[in-house]
1. So, in nm, how far is label residue 284 from label residue 312 when the simple model puts each one 7 Å beyond its Cα toward the Cβ?
2. Give me the Kirkwood hydrodynamic radius of the range 82-310, using the inverse of the mean 1/r over all pairs of distinct Cα atoms, in Å to one decimal.
3. Taking Cα centroids, how far is the range 249-273 from the range 124-180 in Å?
4. Counting alpha carbon pairs within less than 8 Å and at least 6 residues apart, what relative contact order, in whole percent, applies to the range 158-232?
5. What FRET efficiency comes out for residue 249 versus residue 151 if R0 is 22 angstrom and r is the Cβ-Cβ distance? Round to the nearest 0.05.
6. Could you please rank 85, 224, 147, placing first whichever residue has the fewest other Cβ atoms within 10 Å of its Cβ?
7. Between residue 168 and residue 113, what length in nm is gained on full extension when 0.36 nm per residue of separation is reduced by their alpha carbon distance?
8. Checking the a/c ratio against 1.5 first, then a/b against b/c, what shape does the Cα gyration tensor give for the range 134-196?
Ligand SMILES: [Ca+2]
Ligand SMILES: [Ca+2]
């Protein structure tokens, strides 16, 4: 055994020596580049561009997540928009579910934005459910905006109602947007065909209006106009054709009043094109004649810029 181990040791030493020798030999015998190639050839090699690996030039497009069209609409819909009646084909609310019932055979006709709803001035109007009355009637601030184009009935009736929320009958208790507002004496309710101003009127507790302003100037019939009533922390105001009516005339109250729809105590009815005012002015329900289009209700006061955007 000892002899065998001895021999193995010698064998290992020999391998080591021969390895070193081989390495030295290889290093010594390696030819240099200069020995093989001429200077010109070396220069050529250095100037030859190294071909880069071919990489597809088409950019890598990550797969987009599947987005449903409905989701996009929901994201862009203004959360402050409580109701939006486009009146393009029906009385549906495109903002929420405050859908309108079209009564009396009102028809859809060429409007300001797509089609509009045309009221015949006889028995046409739009009615809403009590849920809608409650939801819209609860707003403590907000904006009501719409396009209108009317045919005057103001030689026959004291006003032409556009927007009404309040009691169905009985005591004076309502918020009303109307054209004309001729004040009778409580008995005659005489029409005044020359008063074609637009009015925003708040009445409660069976009394005369506690807040009411008008546009000071008449709004021309057979012509499209945009109107917006705005109530917020700064008080109340109105815009006609995108311009704030700074010279509006307060028949009752003032611009600082922050009354909106929840200031009317009893709300049994919300109607478009059908309404009445106080017993002094229009004790009976009357109708609107003409077009209404793109009626919107927001739960916040819109700015001048935002109102102008609606008109586009
Ligand atoms: Ca429309
Ligand atoms: Ca009718």
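Just so it is clear, none of the values below were taken in a lab; they were calculated from the coordinates. Quantities reported herein were computed from a predicted structural model and do not represent experimental measurements. Reconstructed Cβ throughout: ideal geometry from the backbone, glycine too, with neighbour counts over all protein chains shown.
1. Distance between the two pseudo-spin positions: 4.6 nm.
2. Numbers: mean 1/r = 0.0585 Å⁻¹.
The Cα-based Kirkwood calculation yields 17.1 Å.
3. 10
4. 25
5. Efficiency at R0 = 22 Å is approximately 0.35.
6. In increasing order of surrounding Cβ atoms, one gets 224, 147, 85.
7. Contour length minus the Cα-Cα distance gives 16.7 nm.
8. Oblate.
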